[in-house]
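The structure appears below as structure tokens.
The values are calculated or read from the model by the stated rules, or taken from the named source; none is laboratory data. Being a predicted model, the structure only gives us computed values, none of them experimental. When we count neighbours, we look across all protein chains shown, and the Cβ atoms used for this are built from the backbone with ideal geometry, even at glycine. Note: areas computed on protein heavy atoms with side chains; ligands, DNA, RNA excluded. Shrake-Rupley method; radii C 1.70, N 1.55, O 1.52, S 1.80 Å.
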Amino acid sequence: YYLGLPTPANGILVCWMILFCLYFISSESLNENNISYNVKIIPVIISIFSSMLLVSDLKYSKFPLLKINVSFKNNLYLASMVLFIIALLFGMYYGFTILVLVIFILYYIILGILKLIIDSVKTMMKG
């Protein structure tokens with residue numbers, strides 16, 4: 001496992017954030033006063049949150065082994081990688097590549113946070 005959010009995942013998240021904000025800024029008037037406060041504050045919040053995840057003690061799963069009979073957990077990770085590749089190919093074909101990447105990166109980030117919460121609850125219930 002990785003300790004803290006892997007840098008490539010953070011890089012995709014930051015790039016998505018920039019593209020997302022540019023989309024909303026370009027859809028509004030270029031006048032600075034018309035840009036909503038939310039579009040200005042979203043990059044700051046996401047940057048702080050992702051920076052904290054980079055140096056955190058959260059355990060994120062590594063890339064699965066490319067063997068089928070290693071373990072059930074590895075097979076599950078391998079199946080999710082196949083699903084990701086299929087979704088990415090469809091996204092590339094239909095022009096939604098960045099959306100597919102963001103969905104899977106957010107899934108990856110949230111899964112790490114949920115693992116921490118579940119492990120904390122299990123630890124509290126034992127002791």
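Can you confirm whether Ile105 is closer than 22 Å to Leu13 by Cβ, among the β-branched types (Val, Ile, Thr) and in contact (Cβ under 8 Å) with a residue 12 or more places away in the chain? Walk me through it before giving the result.
Numbers: closer than 22 Å to Leu13 by Cβ: yes; among the β-branched types (Val, Ile, Thr): yes; in contact (Cβ under 8 Å) with a residue 12 or more places away in the chain: yes.
Here the answer is yes, as Ile105 does meet what is asked.
For the range 87-105, does any single residue satisfy the condition of being outside any helix (DSSP H, G or I) and over 14 Å from the mean Cα position of the chain (by Cα)?
Initial filter on the range 87-105 (outside any helix (DSSP H, G or I)): 95-96.
Now restrict to residues that are over 14 Å from the mean Cα position of the chain (by Cα): 95-96.
Checked the range 87-105: at least one residue is outside any helix (DSSP H, G or I) and over 14 Å from the mean Cα position of the chain (by Cα).
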Can you tell me which residue is nearest to Lys115 (Cα to Cα) among those in the range 22-64 that are modelled with pLDDT of 85 or more and among the polar types (S, T, N, Q)?
Ser56
Among the numbered criteria (1) open to solvent by 80 Å² or more (accessible area, probe 1.4 Å); (2) within 26 Å of Phe20 (Cβ to Cβ), which single criterion is violated by Thr123?
(2)
Of (1) free of Cβ contacts under 8 Å to residues at least 40 places away in the same chain; (2) in a helix (DSSP H, G or I); (3) polar (S, T, N, Q), Ser50 satisfies all except one. Which?
(1)
